[in-house]
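Report on the structure given below.
The values are calculated or read from the model by the stated rules, or taken from the named source; none is laboratory data. All values derive from a computational prediction rather than experimental measurement. All Cβ positions, even for glycine, are placed from backbone atoms using ideal geometry, and neighbour counts span all protein chains on display. Surface accessibility is based on the protein's heavy atoms, side chains included, excluding ligands, DNA and RNA. Shrake-Rupley method; radii C 1.70, N 1.55, O 1.52, S 1.80 Å.
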Amino acid sequence: MTPENTPQPYESFWKYLSKVAFRQDWANVNGVRTRYVQAGRADAPALVMLHGTAGSLEAFCANLGEHSKHFNCYAIDLIGTGLTDKPDEDYEINDYVEHVRGFMEVMGIQKASLIGISLGTWIAARFALTHPDMVDKLTFNAPFGFADDAEEMAGIRTRRGRAFDDPSWENVKTIFDNLIYLPAKRIPDLIGMRQAMYQEPGARAGADHILNLFKPESLSRNLIPAAEWQKIVAPTLIVLSLKDRPLFVNTARNLINLIPNAQLLEMDDVGHWPQFENSALFNDANIRFLRGQ
C-alpha cells in the first residue's frame, strides 16, 4: 500500500480530552448565558482561551490537557457564538472585550494570560490595551486586527454566511478547509459540532451580528492602529503559521516589530489553527513562554 493510500487513524476530540479532568458549565455574564470549560487547579495562574470568528471553545480541545497541568484554564464561547446567548445587537471588539472582562469578574479572576485565535487575538490585544492590569501574558495564533484585506473580509463573510444560511456538512466543512492546512486534521468531530451550533435556534439571526464587524465601516473603526499595538506592555508570543493566508502571515510579521516585548514562533505545515494542527509543538512552546522559560 502506498503512503498516500495508507488509512489515517480516526481522530476525535476525545483523543485529546479523554484523560483530562474538566467541567463544562454556563455563567451569567452581564445577562448573557455564557458557555465555558474549565480545567486545572483553582490555585494555578489563570489562562483564558478565546476562539475565532463564529467559532467555539472546541478550537482548544488539543490544548486544555497540557496547559491545565500548569494553569487554571478557561475556554469560553464568546458572546453570540457557539452555545452562548446571542443578544440582538451587532458585536464589535469592545463588546467582546467587555464580555471577557465580565466573565473574568464572575469567575473571580483578577489577572490572566490570554490565548487568542484570529478574532480572539484581536479581542485579546484590545483587552490588553483597555485593561493592562488584568493581563499577564498574551499568545496570538493567526493574529488579526491590524490591517484590512477586502478579499479576506469578503471570504469570511461569504463562507460563514453560507454555512449559517444552509448548515449542510459541505458548507460547514468549507470553513475548515480554509482554517486547517492539513486535510487529515479537518476531523468530523469539528465539522459536526460546528454544524450543530449553526443549527441552534437564533444562530442565523446572530450570524448577521457577528459578521457585521467585517463590513468596511465597522472594520475601520475597530482595527487597532500601529501606534496602539506599540503600547501593549504584556509579553506576547506571536505564532506565525507559514501556510496561513497572506493577511495573517503579514500581520504576524508586522506585529513582531510593533509590540515591544514580543517573541516569534514560526510553524510550518499549519494554517489558521496552529494550536490544533501541531498541538505538540504549540503546547510545548507556549507553556514554556507562559511560564517564563
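Could you figure out which of (1) aromatic (Phe, Trp, Tyr); (2) open to solvent by 20 Å² or more (accessible area, probe 1.4 Å); (3) closer than 24 Å to Asp269 by Cα isn't true of Trp169?
(3)
Would you pick out the residues in segment 9-27 that are under 15 Å from Thr81 (Cα atoms) and either outside any strand (DSSP E or B) or touching a residue at least 60 places away in the same chain (Cβ under 8 Å) (or both)?
Ala27
So, in segment 83-114, of the ones that are among the small types (Gly, Ala, Ser) and open to solvent by less than 10 Å² (accessible area, probe 1.4 Å), which residue ends up farthest from Val32 (Cα to Cα)? Give the steps one after another, and end with the answer.
First, pick out the residues of segment 83-114 that are among the small types (Gly, Ala, Ser): 102, 108, 112-113.
Okay, now just the ones that are also open to solvent by less than 10 Å² (accessible area, probe 1.4 Å), so 102, 112-113.
Values: Gly102: 10, Ala112: 21, Ser113: 23 Å.
It comes out as Ser113.
What is the residue count in segment 191-212 for residues that are touching a helix residue (DSSP H, G or I) at 6+ places or on another chain (Cβ under 6 Å) and touching a residue at least 24 places away in the same chain (Cβ under 8 Å)?
Initial filter on segment 191-212 (touching a helix residue (DSSP H, G or I) at 6+ places or on another chain (Cβ under 6 Å)): 191, 193-195, 198, 204, 207, 211-212.
Within this subset, residues satisfying the condition of being touching a residue at least 24 places away in the same chain (Cβ under 8 Å) are 193-195, 198, 204, 207, 211-212.
Counting residues in segment 191-212 that are touching a helix residue (DSSP H, G or I) at 6+ places or on another chain (Cβ under 6 Å) and touching a residue at least 24 places away in the same chain (Cβ under 8 Å) gives 8.
Do you know which residues across segment 250-278 are out of contact with any helix residue (DSSP H, G or I) (no Cβ under 7 Å at 6 or more places or on another chain) and open to solvent by less than 20 Å² (accessible area, probe 1.4 Å)? Spell out how you get there, then give the answer.
Going through segment 250-278, the residues out of contact with any helix residue (DSSP H, G or I) (no Cβ under 7 Å at 6 or more places or on another chain) turn out to be 250-254, 256-257, 260-261, 266, 268-269, 278.
Passing the criteria: Thr251, Ala252.
Inspect all residues belonging to segment 47-58 and state whether any of them is in a loop (DSSP other than H, G, I, E, B) and within 17 Å of Ile287 (Cα to Cα). First the steps, then the outcome.
Taking segment 47-58 and keeping what is in a loop (DSSP other than H, G, I, E, B), we get 51-56.
From what's left, within 17 Å of Ile287 (Cα to Cα): none.
There is no residue in segment 47-58 that is in a loop (DSSP other than H, G, I, E, B) and within 17 Å of Ile287 (Cα to Cα).
Are there any helices (runs of 4 or more DSSP H) wholly within segment 222-293 with 1 or more residues that are in contact with a Leu (Cβ under 7 Å, 6 or more places away or on another chain) and among the β-branched types (Val, Ile, Thr), and if so which? Break it down stepwise before answering.
Values: elements: 226-229, 246-258, 274-277, 279-290.
Helices (runs of 4 or more DSSP H) meeting the threshold: 246-258.
Can you find, within segment 122-163, the residue that is surrounded by the fewest Cβ atoms within 10 Å (Cβ to Cβ) among those that are without any contact (Cβ under 8 Å) to a residue 60 or more places away in the chain and among the hydroxyl-bearing types (Ser, Thr, Tyr)?
The selected residue is Thr158.
Regarding segment 232-242, can at least one residue be identified that is touching a residue at least 12 places away in the same chain (Cβ under 8 Å), among the polar types (S, T, N, Q) and open to solvent by 20 Å² or more (accessible area, probe 1.4 Å)? Walk me through how you get there before you give the answer.
Our first condition is that a residue be touching a residue at least 12 places away in the same chain (Cβ under 8 Å); within segment 232-242, this holds for 232-242.
Among the residues that remain, those that are also among the polar types (S, T, N, Q) are: 236, 241.
Adding the requirement that they be open to solvent by 20 Å² or more (accessible area, probe 1.4 Å) leaves none.
No, every residue in segment 232-242 fails to be touching a residue at least 12 places away in the same chain (Cβ under 8 Å), among the polar types (S, T, N, Q) and open to solvent by 20 Å² or more (accessible area, probe 1.4 Å).
Which one of Gly31, Gly40, Gly52 is at pLDDT 95 or above, open to solvent by less than 100 Å² (accessible area, probe 1.4 Å) and over 22 Å from the mean Cα position of the chain (by Cα)?
On the way: Gly40 fails: over 22 Å from the mean Cα position of the chain (by Cα); Gly52 fails: over 22 Å from the mean Cα position of the chain (by Cα).
Just one listed residue meets the conditions, Gly31.
Which of the residues that make up segment 180-198 are open to solvent by 10 Å² or more (accessible area, probe 1.4 Å) and either assigned to a helix (DSSP H, G or I) or of a type in the set (Asp, Glu) (or both)?
First pass over segment 180-198, keeping only residues open to solvent by 10 Å² or more (accessible area, probe 1.4 Å): 181-186, 188-189, 192-196, 198.
If the condition is that a residue be open to solvent by 10 Å² or more (accessible area, probe 1.4 Å) and either assigned to a helix (DSSP H, G or I) or of a type in the set (Asp, Glu) (or both), then Pro183, Ala184, Lys185, Pro188, Asp189, Gly192, Met193, Arg194, Gln195, Ala196, Tyr198 are the ones that fit.
Could you list, ordered by first residue, the pairs with Cβ atoms under 7 Å in which the first is in segment 31-49 and within 17 Å of Val20 (Cβ to Cβ) and among the hydroxyl-bearing types (Ser, Thr, Tyr) and the second is open to solvent by 30 Å² or more (accessible area, probe 1.4 Å) and modelled with pLDDT of 95 or more, at least 6 apart or interchain?
Tyr36/Asp25
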